[in-house]
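K.L.:
Right, I'll just put the structure down here and ask away after.
The values are calculated or read from the model by the stated rules, or taken from the named source; none is laboratory data. Everything numeric here is computed off the predicted structure, so don't read it as measured data. Here the Cβ positions follow ideal geometry from the backbone for every residue, glycine too, while neighbour counts run over all protein chains shown. These accessible areas exclude ligands, DNA and RNA; they are computed on the full protein's heavy atoms, side chains included. Shrake-Rupley method; radii C 1.70, N 1.55, O 1.52, S 1.80 Å.
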Amino acid sequence: MASVTIYDVAARAGVSIKTVSRVMNNEPNVRPAMRERVLTAAGDLGYSPNLSARSLAGSRSFVIAVFVDAALTIDHWRSERGADYLSRIQLGATLECRDAGYHLLIELIDHEGPQVRQEVAALLAALKPDGVILTPPSSDNEVVLELLDKAGTPYVRVGPERGGQGPRVHMDDVAAAREMTAHLAGLGHKRIGFIVGEPRYGASQARREGYLEAMKARGLPVAEGLVRQGDFTFQSGLEQAKALLALPDRPTAIFASNDDMALGCIAAIAEAGLMIPGDISVAGFDDSPSSRFSRPQLTTVRQPVAEMSSVAAKLLIAQAKSNDPPERPIDELLPFELIHRASTATPPR
């Protein structure tokens, strides 16, 4: 039995294919009676629009692509620590795409590989997405941005370091790190260690900047060795926490640039036979599920990852429907939140 097509629905409803497409895509400016007629015809025939049919009926592909960093994603998978950031990016964007009848595709991009230009160009040619959500470090990658501009593919940058290079949705990483450092200082901590994230990510330097600003504002010295270079992985948090604990005058608090590294700190402190927060406080950044499952539960910064990807998807879908570029530069700033839990307290006497 031949499958039902958009042409069959149009014939049954006595309307044009374009009208059927507009109804199925939930587009505006369709009279309620006409919409009901098309939906009734589709229901009677058991019609379910597929991606290729919808694309043929208009200029859209009904695909939103998300570019994510291959290296860090694969590292998290191999270490069996999961990929919470990617999961939240998917959740926020998927819900928007589902409501609008769109499909979401996740693509791993090897930003350090020699073939990144060919890889991205091939993806854009094969997928022809209606829009691309760029997560760090794609959101600041000059090659990726150049290829998207050249292809005329709309994009929204999630959490980029720089403004002025296309639409962006972000949070204030500097302010968030500054507030967390100020919180630790407010508890009475004077020696606060800091573990920087992966250098390729703009947020890593922004969070370091916020930490340094807060330390300076409180008149607290940043002694040699207090700032350590990590890479957003559990292992780097473990190693850098051990280095901090080995200092002649060890810190009474450690602020890690993400929750995975903070969990590495908790493991290193436990291995050293010290108590959290009795001997040393620990704070993270992200508010990942693991921050609530750790013992003690982790004080952290809630980063609105799902909300940022949701806004990005909504912006791209709206642009695809209107087929017009935004009337004004898009720069959406979403709020963060400090989450106070049991891993931080006043320093030991």
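K.L.:
Pairs needed: first member in the stretch 96-124, on the phi > 0 side of the Ramachandran plot; second member anywhere, buried (at least 17 other Cβ atoms within 10 Å of the Cβ); C-beta distance under 8 Å; at least 6 residues apart or different chains.
P.N.:
Gly101/Met24; Gly101/Asn25; Gly101/Pro49; Gly101/Arg54; Gly101/Phe62
K.L.:
Being within 21 Å of Arg178 (Cβ to Cβ) and of a type in the set (Asp, Glu) is the filter here; which residues of the stretch 237-264 pass it?
P.N.:
Matches in the stretch 237-264: Asp259 only.
K.L.:
Still on this structure, I have one more. Of the numbered conditions (1) at pLDDT 95 or above; (2) within 23 Å of the chain's Cα centre (by Cα), Val222 satisfies every one except a single condition; which is it?
P.N.:
Failed condition: (2).
K.L.:
Another question, if that's okay. List the number of the failed condition for Glu239; all other conditions in (1) outside any loop (DSSP other than H, G, I, E, B); (2) under 20 Å from Leu184 (Cα atoms) hold.
P.N.:
(2)
K.L.:
Now, a different point. Here's a check for you: in the stretch 226-236, which residue that is part of a loop (DSSP other than H, G, I, E, B) and modelled with pLDDT of 95 or more is farthest from the chain's Cα centre (by Cα)? Please lay out each step first, then the result.
P.N.:
Of the stretch 226-236, the ones part of a loop (DSSP other than H, G, I, E, B) are 226, 230-233.
Still in the running and modelled with pLDDT of 95 or more: 226, 230.
Working: Leu226: 28, Gly230: 19 Å.
In this case the residue turns out to be Leu226.
K.L.:
Quick check on my filter: what residues within the stretch 333-347 are of a type in the set (D, E, K, R) and surrounded by fewer than 16 Cβ atoms within 10 Å (Cβ to Cβ)? Break it down into steps so the answer makes sense when it comes.
P.N.:
Keep residues of the stretch 333-347 that are of a type in the set (D, E, K, R), which gives 337, 341.
Glu337 - this is the single residue of the stretch 333-347 that is of a type in the set (D, E, K, R) and surrounded by fewer than 16 Cβ atoms within 10 Å (Cβ to Cβ).
K.L.:
In the stretch 175-227, which residues are open to solvent by less than 20 Å² (accessible area, probe 1.4 Å), farther than 20 Å from Gly278 by Cα and aromatic (Phe, Trp, Tyr)?
P.N.:
Across the stretch 175-227, the qualifying residue is only Tyr211.
K.L.:
Let me ask you something else. Looking at the structure I just gave you, is Thr94 modelled with pLDDT under 90, within 21 Å of Val63 (Cβ to Cβ) and in contact with a Leu (Cβ under 9 Å, 6 or more places away or on another chain)? If you could, list the steps in order and put the result at the bottom.
P.N.:
Working: modelled with pLDDT under 90: no; within 21 Å of Val63 (Cβ to Cβ): yes; in contact with a Leu (Cβ under 9 Å, 6 or more places away or on another chain): yes.
Here the answer is no, as Thr94 does not meet what is asked.
K.L.:
Still on this model: Could you list all residues from the stretch 245-262 that are assigned to a helix (DSSP H, G or I) and crowded, with 23+ Cβ neighbours inside 10 Å?
P.N.:
Looking only at the stretch 245-262, we keep the residues that are assigned to a helix (DSSP H, G or I), and these are 245, 259-262.
Of everything in the stretch 245-262, those that are assigned to a helix (DSSP H, G or I) and crowded, with 23+ Cβ neighbours inside 10 Å turn out to be Asp259, Asp260, Met261, Ala262.
K.L.:
Given (1) closer than 25 Å to Ile339 by Cα; (2) in contact with a strand residue (DSSP E or B) (Cβ under 9 Å, 6 or more places away or on another chain); (3) assigned to a helix (DSSP H, G or I); (4) not hydrophobic (A, V, I, L, M, F, W, C), identify the lone condition not met by Lys216.
P.N.:
The failed condition is (2).
K.L.:
For Asp149, indicate whether it is open to solvent by 40 Å² or more (accessible area, probe 1.4 Å), at pLDDT below 95, acidic (Asp, Glu) and part of a helix (DSSP H, G or I).
P.N.:
Values: open to solvent by 40 Å² or more (accessible area, probe 1.4 Å): yes; at pLDDT below 95: yes; acidic (Asp, Glu): yes; part of a helix (DSSP H, G or I): yes.
Here the answer is yes, as Asp149 does meet what is asked.
K.L.:
Within the stretch 10-65, track down each residue that is open to solvent by 20 Å² or more (accessible area, probe 1.4 Å), part of a loop (DSSP other than H, G, I, E, B) and modelled with pLDDT of 85 or more.
P.N.:
Within the stretch 10-65, Gly14, Val15, Ser16, Arg31 meet the criteria.
K.L.:
What are the residue pairs meeting all of these: first residue in the stretch 127-149, first residue among the basic types (Lys, Arg), second residue in a strand (DSSP E or B) and buried (at least 18 other Cβ atoms within 10 Å of the Cβ), Cβ atoms under 8 Å, and 6 or more apart or on different chains?
P.N.:
Lys128/Val63
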